[in-house]
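Peer 1: My questions will all concern the structure given below.
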Amino acid sequence: LVKQWYQRRVRAMFDAYRLDAPLTKSRIVTVPLKLETNSWRVDEEQLRKSFTGRTKMIVLNTPHNPTGKVFSRDELEVICELSKEYNCLVLADEVYDRYVLDGYNHLRIAAMPGMWERTITLCSAGKMFGITGWRLGWAFGHSALIEKLLRICKRDTFCCASILQHAVAGMMRRQRLCEPPKETYYTWAGNIYKENYKKLSKAFTDANMPVVAAEGGFFMIVDCSKRSFEFQKSAEYVTLDEDLDVKIAKGIVNNFKLAILPLSLFCNPSGKNKLTNYLRICFAKSSETVDRAVTIIRSFE
């Protein structure tokens, strides 16, 4: 699809993007998200500055992993404007498209005026149906783009197990047959995730770990710099030459058996604006698992 392209992305990102770029000898140029009034916003000035005559593609992830941001219509319109001005493609990673929190809406950039011909949209059955281990998804877009994508797939993935394809097709057919008051899987799972988010938000807030408001997807961000833990007094912790979020995450895993990830892992290791005061929490779990997590958070010393 592209050769020698520049890839445009926010600075906290799904790590596979950065690892994939060398396959096409691409140079990654990142655009920061700004934390304003407890929500993430695109730095429009930096976004505009990042586009040049060599820009070939922008990778857009909404709902966003790891921050939980859902891009607004205004933000998407700016991306559309720049994509057309510089005649570049958009790779829209929308694998969390079915799951947004109350008050937010997921908008497909491919459906916006003039964007179908230049957008490839990625979706995931793993995220949609809670079967992430299946590693099954799909792409859609203009036939001219998908035809080129198929050339790569035939020599890379080639195909996935046919039984998984039939299973996912069956699940999607069942969703189309659901009519009120019967819930679709997305509605059922989405309601569980929303409740989980509320439970975890209260638990972390009570533990003096402020929550950055999530808008969609599977993840929420908490600030780990506002409080201290008993394990931070240990010699092992003091001697660790790592970022704060990495040290706190390791301490929580080792001392409380609660699995979380440091946000800095999703940033460019050499980036000057690496986010080191935050942890990424997954709320796309069963209610029972989240209830156990809440109990653990309440036990923080």
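Peer 1: So how much accessible area does residue 20 have, in Å² to the nearest 10, using a 1.4 Å probe?
Peer 2: 80 Å²
Peer 1: Counting heavy atoms of the protein chains only and a 1.4 Å probe, report the per residue accessible area for region 58-154 as a whole number of Å².
Peer 2: Heavy-atom accessible area per residue stands at 43 Å².
Peer 1: State in Å² the accessible area per residue of region 198-282; use a 1.4 Å probe, count heavy atoms of protein chains only, and round to the nearest integer.
Peer 2: For region 198-282, the solvent-accessible area averages 48 Å² per residue.
Peer 1: Suppose the chain between residue 149 and residue 74 were pulled fully straight at 0.36 nm per residue; how much longer would it get relative to their current alpha carbon spacing?
Peer 2: Working it through step by step, the gained length comes to 24.1 nm.
Peer 1: Please list the non-local residues whose amide H lies under 5 Å from the amide H of residue 119, H modeled 1.01 Å from N, same-chain partners needing a gap of 5 or more.
Peer 2: Result for residue 119 returns 90, 142.
Peer 1: Assuming 0.36 nm per residue, please report the length gained on full extension of the stretch residue 14 to residue 49 beyond their Cα-Cα distance.
Peer 2: So the chain would gain 10.3 nm between residue 14 and residue 49.
Peer 1: Relative to a virtual label point 7 Å from the Cα of residue 188 in the Cα→beta-carbon direction, which members of region 127-149 show backbone nitrogen distances below 14 Å?
Peer 2: Under cut-off, by backbone N: 129-131.
Peer 1: If you stretched the chain out fully between residue 289 and residue 140, how much longer would it get, using 0.36 nm times the residue separation minus the C-alpha to C-alpha distance?
Peer 2: Gain in length upon complete extension: 50.2 nm.
Peer 1: Setting aside same-chain residues fewer than 8 positions from residue 233, which aspartates and glutamates have a Cα under 14 Å from its Cα?
Peer 2: Answer for residue 233, where 14 Å is the Cα cut-off: 301, listed by chain and number.
Peer 1: In addition: Please build a GNM for the chain, connecting alpha carbons under 10 Å apart, and tell me which residue among 236, 288, 179 fluctuates the most.
Peer 2: Result: 179 has the largest fluctuation of those listed.
Peer 1: Solvent-accessible area of residue 156, probe 1.4 Å, all protein chains present, reported in Å² to the nearest ten, please.
Peer 2: Surface accessible to solvent at residue 156 totals approximately 110 Å².
Peer 1: What is the distance, in nm, between label points placed 7 Å from the Cα along the Cα-to-Cβ direction at residue 105 and at residue 39?
Peer 2: Taking the simple label geometry, residue 105 and residue 39 are separated by 1.4 nm.
Peer 1: Counting each DSSP H run of 4 or more residues in the chain as -39500 (n - 2.57), what helix-only mean residue ellipticity at 222 nm follows after dividing by all residues, to the nearest 500 deg cm²/dmol?
Peer 2: Taken over the chain, the calculation gives -11500 deg cm²/dmol.
Peer 1: In nm, to one decimal, how far is the residue 25 label point from the residue 208 one, both placed 7 Å along Cα→Cβ?
Peer 2: If labels sit at residue 25 and residue 208, their model points lie 5.5 nm apart.
Peer 1: Let me ask you something else. Would you mind telling me the share, in percent, of accessible area of the chain contributed by carbon and sulfur at probe 1.4 angstrom?
Peer 2: Carbon and sulfur atoms account for 53 percent of the accessible area of the chain.
Peer 1: Now, a different point. For residue 154, list the lysines whose Cα falls under 21 Å from its own Cα; do not include residues on the same chain fewer than 8 positions away.
Peer 2: Here the lysines satisfying the reach criterion relative to residue 154 are 3, 25.
Peer 1: Continuing with this model, one more query. Given springs between every Cα pair under 10 Å in a Gaussian network model of the chain, which of 112, 128, 57 has the largest fluctuation?
Peer 2: Result for the chain, Cα springs under 10 Å: 112 fluctuates most.
The values are calculated or read from the model by the stated rules, or taken from the named source; none is laboratory data. This is a predicted model, so every value here is computed, not measured. Because the Cβ atoms are built from the backbone with ideal geometry, glycine has one as well, and the counts that use them run over all protein chains shown. Note: accessible area is taken over every heavy atom of the protein model, side chains too, but ligands, DNA and RNA are not part of it. Shrake-Rupley method; radii C 1.70, N 1.55, O 1.52, S 1.80 Å.
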